[in-house]
Each structure stands twice: as structure tokens, then as C-alpha cells.
1. Which one of these does His70 not meet: (1) over 18 Å from Val31 (Cα atoms); (2) surrounded by 10 or more Cβ atoms within 10 Å (Cβ to Cβ)?
2. For the stretch 45-67, which residues satisfy the criterion of being open to solvent by 60 Å² or more (accessible area, probe 1.4 Å), closer than 18 Å to Ala34 by Cβ, out of contact with any Leu (no Cβ under 7 Å at 6 or more places or on another chain) and in contact (Cβ under 8 Å) with a residue 24 or more places away in the chain?
3. Among the listed residues Leu73, Leu32, identify the single one that is within 11 Å of the chain's Cα centre (by Cα), over 19 Å from Asn17 (Cβ atoms) and of a type in the set (A, V, I, L, M, F, W, C).
Amino acid sequence: MPHQSEVGESQKLEQDNGYIDATKHQFPQKVLEAFIENAPRGAQAVYCRGPFLNVRSLGAFARKMHLQGHCDLVQRRIQIGRSAIFEYLMVKR
């Protein structure tokens, strides 16, 4: 089952370095759900990357987790020449 392997892979990454990029997974919301349940305090998960937040369902999920007190939401600016994109991150509380 690809879903279970994706979640298992994300859990391994969380244990290794506390950073997961859910945008690289086939089922990013499932990866983020596993992140909220299993990640240690201070771990980070990228849920969107681009000039603006364009993944509404993942953004809504991130806001919901923030409002429930599970994480803080932050942005990291990545300069590319004269323009920039952002990484949208969940930081586990």
C-alpha cells in the first residue's frame, strides 16, 4: 500500500532530523496528519512552496491544526535572483 509506506517514510524522516517536506509525497495531507501525531516538539513540515499559498486544502488543514494548538505556522523566504518564493511550514508545539 503506497499510503502506508508514504506515512512510514515521513515518520522515519521526522525521527532523523525533525524536518519533512510533505509537498514531495503523493498523499501530503496523510503525511501531515502523521507529522502532527508523531513528530517531536520543534519539528518542521513544509506544506506548500511557491510565491503564494496555493494548496487550499493543505492550508486549511494547517490552519486547523494551528487553531487546535498543535503547531505554529511560519514562512521562510527563499531568494531566487531578484524574485522570491516562500516555504510554508508547520512547526510542532
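1. So His70 meets the others, but not (1).
2. If the condition is that a residue be open to solvent by 60 Å² or more (accessible area, probe 1.4 Å), closer than 18 Å to Ala34 by Cβ, out of contact with any Leu (no Cβ under 7 Å at 6 or more places or on another chain) and in contact (Cβ under 8 Å) with a residue 24 or more places away in the chain, then Ser57 is the only one that fits.
3. Leu73
The values are calculated or read from the model by the stated rules, or taken from the named source; none is laboratory data. Computed from a predicted structure; not experimentally measured. Neighbour counts run over all protein chains shown; Cβ positions are idealised from the backbone, glycine included. The protein model used for the area step is the full one, side chains on, heavy atoms only, and it has no ligands, DNA or RNA in it. Shrake-Rupley method; radii C 1.70, N 1.55, O 1.52, S 1.80 Å.
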